[in-house]
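K.L.:
Below is one structure. I have some questions about it.
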């Protein structure tokens, strides 16, 4: 048996673009992808804190250091530029693996940049 467990999330990033006339997905700054351990084409859930919308899509690599968070295609109807979203990835693992697994949670600044510690 496997369970679906939180793998990683980008907590409270700001939508910088919404492109309706584009093949669907979410474009994410490559720095943010690396920090959260997200891969291009990986499935993610997107939760919009401003309007309660939730959607499932896949990741497209965005320009490194740009801070881009862009909902593409039909997903662009679920958010407006400036909305705050949480981007969540899950992983399948055995219950034994899940008990000890520690997810990666990234808290970018207000401009979708990684915070230096």
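The values are calculated or read from the model by the stated rules, or taken from the named source; none is laboratory data. Here the structure is a predicted model, which is why all the values come from computation and not from measurement. A quick note on method: Cβ atoms are made from the backbone with ideal geometry, for glycine too, and the neighbour counts reach across all protein chains shown.
K.L.:
Do we have residue 58 as without any contact (Cβ under 8 Å) to a residue 60 or more places away in the chain, in contact with a strand residue (DSSP E or B) (Cβ under 9 Å, 6 or more places away or on another chain) and either over 26 Å from residue 98 (Cβ atoms) or not in a strand (DSSP E or B) (or both) here?
P.N.:
no
K.L.:
Being surrounded by fewer than 14 Cβ atoms within 10 Å (Cβ to Cβ), in contact with a strand residue (DSSP E or B) (Cβ under 7 Å, 6 or more places away or on another chain) and farther than 30 Å from residue 96 by Cα is the filter here; which residues of the range 2-44 pass it?
P.N.:
23
K.L.:
Between residues in the range 72-98 that are on the phi < 0 side of the Ramachandran plot and residues that are at pLDDT below 95 and in a helix (DSSP H, G or I), which pairs lie under 8 Å by C-beta distance while being six or more apart or on different chains?
P.N.:
none
K.L.:
Oh, and also: Being in a loop (DSSP other than H, G, I, E, B) and in contact with a helix residue (DSSP H, G or I) (Cβ under 7 Å, 6 or more places away or on another chain) is the filter; apply it to the range 11-25 and report the residue that is modelled with the highest pLDDT.
P.N.:
20
Results for (1) modelled with pLDDT of 95 or more; (2) touching a helix residue (DSSP H, G or I) at 6+ places or on another chain (Cβ under 6 Å); (3) within 30 Å of residue 94 (Cβ to Cβ); (4) part of a loop (DSSP other than H, G, I, E, B), shown as yes or no for each residue.
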{"residue": "5", "(1), (2), (3), (4)": "yes, yes, yes, no"}
{"residue": "9", "(1), (2), (3), (4)": "yes, no, yes, no"}
{"residue": "27", "(1), (2), (3), (4)": "yes, no, no, no"}
{"residue": "40", "(1), (2), (3), (4)": "yes, no, yes, yes"}
{"residue": "44", "(1), (2), (3), (4)": "yes, no, yes, no"}
{"residue": "70", "(1), (2), (3), (4)": "yes, no, no, no"}
